[in-house]
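> First the structure, then my questions, so here it is.
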Amino acid sequence: MKVLFKKFDTTRKGYLTPNEFKSFLGYCQLNLNSDQEYSILSEYDPDLKGTFNYNLLLRDLIENLCNKAE
């Protein structure tokens, strides 16, 4: 999944801009409404500076998967 995020990280800085994030969602055929998009963006870019940190998202996904496996 990280490889996929990196494909959309055109600046190679470890985060996606809002437009890159929307492109990522479209590529994955994830049809979220604007409230759902905002909820995810604000979780991983709390200051809404346009820097969606996908490394934090991946960390949280792994932690949640590990917790469910226990």
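The values are calculated or read from the model by the stated rules, or taken from the named source; none is laboratory data. Predicted, not measured: the structure shown is a model, and the values here were computed from it. Quick reminder, even Gly has a Cβ in these numbers, built from the backbone with ideal geometry, and neighbours come from all protein chains shown. Side chains are part of the model used for accessible areas, which takes the heavy atoms of the whole protein and leaves out ligands, DNA and RNA. Shrake-Rupley method; radii C 1.70, N 1.55, O 1.52, S 1.80 Å.
> What about LEU65, is it aliphatic (A, V, I, L, M) and modelled with pLDDT under 90?
Numbers: aliphatic (A, V, I, L, M): yes; modelled with pLDDT under 90: yes.
Yes.
> If a residue must be more than 17 Å from SER23 (Cβ to Cβ) and open to solvent by 30 Å² or more (accessible area, probe 1.4 Å), how many such residues does the range 38-59 contain? So that I can check it myself, show each step before the final result.
Within the range 38-59, the subset more than 17 Å from SER23 (Cβ to Cβ) is 39, 42-43, 46-49, 55-56, 58-59.
With open to solvent by 30 Å² or more (accessible area, probe 1.4 Å) added as a condition, the list becomes 39, 42-43, 46-49, 55-56, 59.
Adding up the residues that qualify gives 10.
> Sticking with this structure for a sec: Restricting attention to the range 1-11, which residues are within 14 Å of GLY50 (Cα to Cα) and open to solvent by 40 Å² or more (accessible area, probe 1.4 Å)?
Of everything in the range 1-11, those that are within 14 Å of GLY50 (Cα to Cα) and open to solvent by 40 Å² or more (accessible area, probe 1.4 Å) turn out to be THR10, THR11.
> Follow-up. For the chain, which helices (runs of 4 or more DSSP H) that fit wholly inside it have 2 or more residues that are among the hydroxyl-bearing types (Ser, Thr, Tyr)? Steps first, please.
Numbers: elements: 2-8, 18-27, 34-44, 54-69.
The helices (runs of 4 or more DSSP H) meeting that bar are 18-27, 34-44.
> State all residues of the range 17-32 that are open to solvent by 80 Å² or more (accessible area, probe 1.4 Å) and not aliphatic (A, V, I, L, M); if no residue qualifies, say none.
Residues of the range 17-32 that are open to solvent by 80 Å² or more (accessible area, probe 1.4 Å), as a first pass: 19, 22, 27, 29-31.
Within the range 17-32, ASN19, LYS22, TYR27, GLN29, ASN31 meet the criteria.
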